[in-house]
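Peer 1: Mind having a look at this structure? Questions to follow.
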Amino acid sequence: MDYLIGSLVRYRSDDGAIWPVSDEDSVIILTATMNRLLAYLLERQGQVINRDELLDNVWDLHGLRSSNHTLNKYISELRKHFVSTGIHAECITTVPRIGFMFNQDIDVVVMTDTSPVYESTALINSTGAGINRRFSAFSAKHRLSFNILLLALFVASAVIFIAGSQIPTTNTATLKDIQTYFLFNYQNCPVYTIHKNSASFLEKKKDVFITLARQNNLDCLNGTLFLYQASDAYIYGSKGRVFISRCTTKDKQYISCLNNYWNGYESN
């Protein structure tokens with residue numbers, strides 16, 4: 001994979017090459033382990049990855065001895081590489097007592113030759129915590145699909161695919177068109193997430209949903225279900241994004257959804 005990071009740095013995970021866009025001759029080749037670490041973080045941008053997961057997948061599975069000291073050292077080296085190639089914002093964020101995540105506020109674009117496969121597009125036009133609502137009809141041609149490299153903006157992406165076109169249409173999306181995972185029942189309505197739920201996040205995700213639903217009067221209505229996703233950063237109290245859609249269904253089809261977006265910090 002070839003990435004454009006922060007509009008300033010190119011990174012090629014196939015061979016670990018990283019270089020500033022403005023100076024293609026200044027190529028740095030990362031070690032195999034450091035390359036695996038950076039690729040693993042990038043592929044999960046916006047997700048908090050615990051230390052054990054990183055040690056297991058970057059070191060242990062490749063027959064290497066690992067330790068927290070080694071992980072900290074490699075993270076530090078990667079940060080230095082980003083600074084040396086022109087990105088002075090913190091690319092890799094430390095989540096105390098948990099692990100690390102690749103900063104969701106850094107634009108990351110996957111490149112095909114010299115053309116980007118997709119670009120980040122922000123839908124939430126807010127500098128602080130906020131909520132926007134709109135009703136929309138589903139278009140069958142819009143499918144709910146996430147790419148983990150856009151987790152930094154996955155709420156906006158999810159809304160695009162869930163909401164579809166804002167222009168009313170007679171077409172609807174069937175339930176089977178959208179891959180969902182049951183989380184729990186809120187009041188009498190099922191709550192589904194767009195990504196699989198890890199055991200360590202289950203209770204916290206439920207708490208965040210219940211808190212936001214109560215604060216914003218999102219009650220369970222007859223014939224409705226909830227689609228819900230929260231970034232790991234938000235779950236852990238850092239700046240992140242959340243969406244909750246209360247959808248009306250009929251004959252296994254989505255009829256309409258009331259979409260709710262939050263952008264900011266979890267209230268502690």
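Peer 1: Might you check whether a residue that is under 17 Å from the mean Cα position of the chain (by Cα) and modelled with pLDDT of 75 or more occurs anywhere in region 165-182?
Peer 2: Within region 165-182, one or more residues are under 17 Å from the mean Cα position of the chain (by Cα) and modelled with pLDDT of 75 or more.
Peer 1: Being free of Cβ contacts under 8 Å to residues at least 60 places away in the same chain and either assigned to a loop (DSSP other than H, G, I, E, B) or out of contact with any Leu (no Cβ under 8 Å at 6 or more places or on another chain) (or both) is the filter here, so list the residues in region 74-91 that pass it.
Peer 2: S76, E77, R79, K80, V83, S84, H88, E90
Peer 1: Name, by its number, the condition in (1) modelled with pLDDT under 90; (2) of a type in the set (V, I, T); (3) not in a strand (DSSP E or B) that does not hold for T94.
Peer 2: Only one criterion in (1) modelled with pLDDT under 90; (2) of a type in the set (V, I, T); (3) not in a strand (DSSP E or B) is unmet by T94, namely (3).
Peer 1: Would you tally the residues in region 176-203 being assigned to a helix (DSSP H, G or I) and either of a type outside the set (K, R) or buried (at least 16 other Cβ atoms within 10 Å of the Cβ) (or both)?
Peer 2: Number satisfying all stated conditions: 6.
Peer 1: Which condition number in (1) in contact (Cβ under 8 Å) with a residue 40 or more places away in the chain; (2) surrounded by fewer than 15 Cβ atoms within 10 Å (Cβ to Cβ); (3) under 28 Å from A230 (Cα atoms); (4) among the hydroxyl-bearing types (S, T, Y) is the one that T94 fails?
Peer 2: (1)
Residues are listed down the side, and each one gets a yes or a no for (1) touching a strand residue (DSSP E or B) at 6+ places or on another chain (Cβ under 6 Å); (2) surrounded by fewer than 19 Cβ atoms within 10 Å (Cβ to Cβ):
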position	(1), (2)
L4	yes, yes
S7	no, yes
R10	yes, yes
S13	no, yes
D25	no, yes
G46	no, no
F82	no, no
I106	no, no
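Peer 1: Please go through region 60-80 and give me each residue that is of a type in the set (G, A, S) and surrounded by 15 or more Cβ atoms within 10 Å (Cβ to Cβ), ordered by number.
Peer 2: The one that is of a type in the set (G, A, S) and surrounded by 15 or more Cβ atoms within 10 Å (Cβ to Cβ): S66.
Peer 1: When region 1-49 is examined, which residues are found to be of a type in the set (S, T, N, Q) and under 22 Å from the mean Cα position of the chain (by Cα)?
Peer 2: S7, S13, N35, Q45, Q47
The values are calculated or read from the model by the stated rules, or taken from the named source; none is laboratory data. Since this is a predicted model, take the numbers as computed values, not measurements. Cβ: placed from backbone, ideal geometry, glycine included. Neighbour counts: every protein chain shown.
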